[in-house]
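Data first, discussion second: the structure below is written as structure tokens.
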Amino acid sequence: MNPPTLPPSSFVGELKRRRVPRVALVYLAASFATIEASDVVFPRLGLPDWTVTLVLALALVGFPVAIGLAWAFDFSGGAVERTPKLGDGVGGGASSWIGGRTITATVAFAILGMGLGAGWLIRPLGLRSGGSGGSTARSGVYKIAVLPLRNANIADPDNAALALGIHDDLLTRLSRVAAFRVISRTSVMEYAATDRGTIPEIASELGADVVLEGSVQRAGSAVRINMQLIDGRTDEHLWAETFTRPYSLEELFAIQTEIADQVARALETTLTPEEASAIAERPTSDTTAYRLWSEARQLSWSGDPTEEELRGAIVRLERAVELDPGYAQAWAALAIDHALLRWFFFDRSPGRVEMSRRAAETARSLAPGLAESHIAMGEYYYHGRLDYPPAVDAYERALQIDPSSSDALVGLAAVRRRQGRMVEAYEVFERALQLDPRNPVTMSMLAETALLLRRWDQHRALWGQAVEIAPERQRIHTLMAWHLSVVGASPSDVASHLAVIRRLRGEAWVEEATVAWNFGDAEGLLAASSSVAGPMVLDVQFELVPVSLWRGGAHRAVGQDQEAERAYKEAVEILETYLENQPEDARAWTSLGIARAGLGDRSGALEAANHGVQLLPYEREAWRGAYRMLDLTVVHAMLGDVDEAMAIVDRFVRLPAGDSFSPWRLRQHLLLPPLREDPRFEPLMEVAERPIG
């Protein structure tokens, strides 16, 4: 005999008795709050986009489970009990089937919810239909690699410049769509070669969902641009079109807008009115200004520009904004290059900082919705003034506008590093590499941060990747040689990198002398610097060291006291003359302290070294500030103040200062024998070897 059917009114009453509606409302409210919070918080933590989708999927999975549990169990009274049936003295004997099949119903609800949640989660992780029958997408956000446009008229150098300018502008326009994460320019530029590999291979190397490629050809008064969007996994064409128009700046911008719009359509992405307006913007109406901006980008946006490149870029940008005072992108680039000219010690004048400020504020007033305007403000505050809170605000504002901006991420990470927040800096650099995976400079910055955190294995692995990406880049080998010499490597490990530097540049005496100093090799340092004529100075952002200062330490180490005194006197003269014109340079003051200590001038040495520390304390700038503290440690050791020196070492081996206070560097330093003889020294080196975070 079949059990009686429960009347609808009784079923609704039973739902209320078992508190099912109440549980459903509370669950939905809590789920909504959790999803909203994760959507805001997860990106700030550097978590990938799919984690928000995962929270949503889990909420869907949990809903029927919560309903089933509410039906089956009573959670009141501080205990969990099975809900009594209607016939158990709570209202009559109807519906005995409810209790008999409760467990089955609960399991069915759970299985259904899990299926729905899994379907929701898997759908965006898989591939969905594209505009041309192809497919791609992950969690509703597409990673797009825009390859350098091929120059279809190789004989015309102006056509090559045109292709580069269009490529840069396409990157900017596509990055303004919230559903797109655009792989950065540096990482895609290596694929300009004709033998660049297949689209799936490129997409895999860059971590891209889709690849946009094409060619540009200008013929007389017309321009032809061929573009195609390709699924990075299947190599299927999602969209393709040829644009043939009269050659003018207005037409070029119109074509780029159409391309961005068509890519969005092909990927089934609906543009908001704000996004549609942003990709349709015309940055300038002056063809010459546009060309000058493009040329300046090629010069200064390499990650490690030379002084000549920066000054050349500034000349072009100043002319561009003279031709078009409303050109916000050019103003932003000008502000950045002025700040970098100061940061790399090419021009430390206050006027240079003021030029950066004026240009950045002009860019921001002209285009507050342009990410580059806020990056420019960040660079001014960071590189121009070491004023970190407003720099962080500026970079974060840029990321709100353009989440694809690896430049903003690198700036934010670099500021966090200077603030001493090294773990956070490491995580943000990792996020930047997701958008710029083939950038050896960003890779090296991540490696440097691993070194600061004393993560020795990660450090060496990352440098290996940087060398693999840029095997012919001299700066990478220079940095690699320096880093290996302070992390316990052997001279033979460094030799191959010195050989590459000699091959690329013709000589490598600076690197050879630096490595010898780090290894505590006095004779090697004297040999490496023997060919140097005149008062040479090693001038990098962390140290300003006359070669004669190093020679003084090397001569003293091998017992050549007269030669050591002559070298130290020369170093003092060089540094005192320099400080007459640059009295705020903390590097020169602490080096002067070491040189005076080498001459036995106690009061002069301590005065100079302490003044350098006061100019750039660790609390203001953690990375370079630690170098000033290392110099003060050396001064104390040279003067016999072992307790004072050991107190500094005791503090800094516990901090993320793994390059300046590397245990291997301290064990080998030519000027620290008094510390190594102290019984407290080696236990502290064991502390210094431990990774942080």
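Structure summary
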{"item": "Test item: Cα-centred dipole of the range 215-357, Lys/Arg +1 and Asp/Glu -1 on Cβ, debye", "result": "420 debye"}
{"item": "Contour excess over end-to-end distance, with Cα ends at Ala254 and Arg503 and 0.36 nm allotted per residue", "result": "84.9 nm"}
{"item": "The range 377-502, accessible area per residue, ligands and nucleic acids excluded (1.4 Å, Å²)", "result": "32 Å²"}
{"item": "Carbon and sulfur %, accessible surface of the range 392-518 computed with the full protein complex present, 1.4 Å", "result": "49 percent"}
{"item": "Dipole magnitude of the range 394-506, debye to nearest 20 (Cβ charges: Lys/Arg +1, Asp/Glu -1, about Cα centre)", "result": "380 debye"}
{"item": "Dipole of the range 331-415, positive direction: furthest Cα of Met355, Val392, Ser406, with charges on the beta-carbon", "result": "Met355"}
{"item": "Where labels lie 7 Å past Cα in the beta-carbon direction, separation of Glu322 and Thr242 in nm", "result": "4.2 nm"}
{"item": "Packing-based order for 630-640, 683-693, using average beta carbon neighbours within 10 Å, highest first", "result": "630-640, 683-693"}
{"item": "Sites Phe542 and Leu28, calculated FRET efficiency, Cβ-Cβ separation with R0 51 Å, nearest 0.05", "result": "0.40"}
{"item": "Nearest-0.05 FRET efficiency for Ala219 and Thr288, computed from C-beta distance (R0 22 Å)", "result": "0.55"}
{"item": "Vicinal HN-Hα couplings computed from phi for the range 545-560 (Karplus, 6.51 cos²θ - 1.76 cosθ + 1.60; Hz; Gly/Pro x)", "result": "10, x, 4, 5, 5, 4, 4, x, x, 5, 4, 5, 5, 9, x, 9"}
{"item": "In sequence order, calculated HN-Hα J values of the range 473-487 (Karplus, 6.51, -1.76, 1.60; Hz; x Gly/Pro)", "result": "9, 4, 4, 4, 5, 4, 5, 4, 4, 5, 5, 4, 6, 10, 10"}
{"item": "Heavy-atom surface of the range 193-340, accessible at 1.4 Å and reported per residue (Å²)", "result": "42 Å²"}
{"item": "Under 5 Å, built H, 5+ apart or other chain: amide partners of Tyr247", "result": "Ala222, Val223"}
{"item": "Separation between Cα centres of the range 347-370 and the range 503-558, rounded to whole Å", "result": "38 Å"}
{"item": "Approximate spin-label separation Arg385-Asn581, in nm, with each point projected 7 Å along Cα-to-Cβ", "result": "2.8 nm"}
{"item": "Long-range amide H partners of Val182 with built H, under 5 Å", "result": "Ile144, Ser404"}
{"item": "Label-point separation in nm, Asp678 to Asp457, each point 7 Å along Cα→Cβ", "result": "3.2 nm"}
{"item": "Efficiency of FRET between Arg150 and Glu281 - r from beta-carbon atoms, R0 25 angstrom, step 0.05", "result": "0.45"}
{"item": "Highest to lowest packing among 316-326, 508-518, 341-351, scored as the average C-beta count within 10 Å", "result": "508-518, 316-326, 341-351"}
{"item": "Table column - 3J(HN,Hα) (Hz), the range 505-518, Karplus curve with 6.51, -1.76, 1.60, x for Gly and Pro", "result": "10, x, 7, 8, 5, 4, 5, 5, 5, 5, 5, 4, 4, 5"}
{"item": "Cβ-placed point charges (K, R +1; D, E -1), dipole of the range 585-693 about Cα centre in debye, nearest 20", "result": "240 debye"}
{"item": "Packing rank of 604-610, 499-505, where each peptide gets the mean count of other beta carbons within 10 Å, highest leading", "result": "604-610, 499-505"}
{"item": "Average Cα contact separation per residue, the range 478-568, under 8 Å, 6 or more apart, as relative contact order %", "result": "19 percent"}
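The values are calculated or read from the model by the stated rules, or taken from the named source; none is laboratory data. Only a predicted model underlies this, so the values are computations on that prediction, with no experimental measurement involved. Positions of Cβ are generated from backbone atoms using ideal geometry, with glycine treated the same way; all protein chains shown enter the neighbour counts. These area figures cover heavy atoms from the full protein model, side chains too; ligands, DNA and RNA do not enter into them. Shrake-Rupley method; radii C 1.70, N 1.55, O 1.52, S 1.80 Å.
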